[in-house]
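Coordinate-derived values only; no laboratory data. Just so it is clear, the structure is predicted and the values come from calculations on it, not from any experiment. Note that we place each Cβ from the backbone using ideal geometry, even for glycine, and neighbour counts take in every protein chain shown.
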Amino acid sequence: MRKYFVIMFFALACGLSACSNNDVAVNDNGFDRGTLLVNVADNLIIPSFQDLKAKVAALETTSNTFIATSDATNLDALQSAWEAAMTSFVKCSPFAFGPADLPLGTFVEVLGTFPISTTKIETNINNTGFNLSASFDRDVRGMMTVEYLIYSLNGDAAVLTNYGTGSDNRKNYLKTVITEIKTNIDNITTAWEGAYRTTFTSNTETSAGSPISLLYNSFVKDYENIKNFKLELPAGLQAGQTSAEPTKVEAYYSGISLTLIKEHFATTEKIWLGTGLNGTDGIGFEEYLNAVEGGAALVTQTKAKVAEINSAIAAIPAGRLSDNIGSTQVSAAHTLMQDNTANFKSSMSSLLGISITFSDNDGD
């Protein structure tokens, strides 16, 4: 019984004092967090999802044309539409919260999972009774599944052979996967254009679940996803790996992995700086940090590290990332991103008084 009262006393004490970052009072010198939320919503999040919506609509149109007439010209148009949509997709990746939180996970987890399971996909294609909407598998749907269905390491001729006589099941699967992508992206965009924009910009608290906490945590988690899954895992740098695993790069079949990493990290930088999709400079985490004690020093430190990361990514050999994933340049880029994790994560969290609410194994 005594132990029970001690526990209850401690819990009550934590409730009345600062037992978590959410309760830490930070002097931000009157910084208007609403300006940050409005800028990010209006100049980055909403335009990015609107662009993705348009790109996915184009992907659906070119896919329907290819399904009707599966020739080289239409395949080339479909591949170009997929690359444009995928490039737009990674620019929305840091905004995996709110309307982008789907029943099976965030839209990134549901529609951007890689590597996909080619075995499961082929099984589903051959199963005329398969229902994608009743499946909980993430590795049989989304943008990377579309990539697998329209690219081949053996060239376009192999893809066209797959869509020859007797390929109705394959065509139906491609159509079904793209329809699911479009439905979800349309819904996310509509929500941001409507009521959720008001919800997001009207609450300037920093507690867990608040808009700025959701934005910050999604921003950090997304940054770590670039480091952990687009570089570290395929490069064989995770604990327990003995060698590189090139097939685990994002966009393995199309070979645009490096392009996507560059675009993805550029978006990370835009959020931190407050730069809009069109390049207009606005209010971001940089300005927020400059308003708090110790923030200016972190801004200087972070800018220097971000510049190093950009240079390191630019130094990765051109061509298919899977062919160069074991290079020293990839390892160097990963090391720099790991070094910067503390800047984006523990240091920012502490200075801004925003708790990290997602779990990870980085140990920082």
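Largest GNM mean-square fluctuation among Thr128, Thr118, Thr206, using the chain with Cα springs under 10 Å: Thr128.
Cross-link partners for Lys270 among the aspartates and glutamates, with Cα-Cα distance under 17 Å and sequence neighbours closer than 8 places in the same chain left out: Asp42, Asp51, Asp222, Glu224, Asp281, Glu286, Glu287, Glu308. Only helical runs count toward this figure. For the chain, summing -39,500 (n - 2.57) over DSSP H runs of n ≥ 4 and dividing by all residues gives -18500 deg cm²/dmol at 222 nm. Spin-label model, Thr280/Thr190: points 7 Å from Cα along the beta carbon direction are separated by 2.7 nm. Here is the size of region 94-186 from its Cα atoms: Rg then Dmax, 13.7, 43 Å. Under a model in which nothing but the beta-carbon of Lys, Arg (+1) and Asp, Glu (-1) is charged, the chain shows a dipole of about 520 debye around its Cα centre.
Since only Gly194, Thr176, Met348 are under comparison, the one whose Cα sits farthest along the positive direction of the charge dipole of the chain, derived from C-beta charges on Lys, Arg, Asp and Glu, is Thr176. Positive-end ranking of Ile212, Phe31, Thr119 along the dipole of the chain, with charges on Cβ about the Cα centre, is headed by Thr119.
Taking 0.36 nm per residue of separation and subtracting the current Cα-Cα distance, fully stretching the chain between Asp32 and Ala239 would add 70.3 nm.
Note on region 277-364: Kirkwood radius taken over Cα pairs, Stokes-Einstein applied at 4 °C and 1.567 mPa s, translational D equal to 87 µm² s⁻¹. Between Thr204 and Ala68, the FRET efficiency from the beta-carbon distance, with R0 = 56 Å, is close to 0.65. Annotation: for a label point projected 7 angstrom from Cα along Cα→Cβ of Asn126, residues of region 146-176 with backbone N closer than 19 Å are 148-150, 159, 161-174. The alpha-carbon positions of region 28-352 define a convex hull whose volume is 133 Å³ per residue. Please check: in the Gaussian network model of the chain (C-alpha springs, under 10 Å), which one of Ala81, Ala72, Ala239 has the largest mean-square fluctuation. So, out of Ala81, Ala72, Ala239, the one fluctuating most is Ala239.
Hey, in the GNM for the chain with a 10 angstrom Cα cutoff, which one of Ala96, Ala191, Ala68 fluctuates hardest? The residue that fluctuates most here is Ala68.
Extending 7 Å from the Cα toward the beta-carbon at both Ala54 and Thr247 defines two label points whose distance is 3.8 nm.
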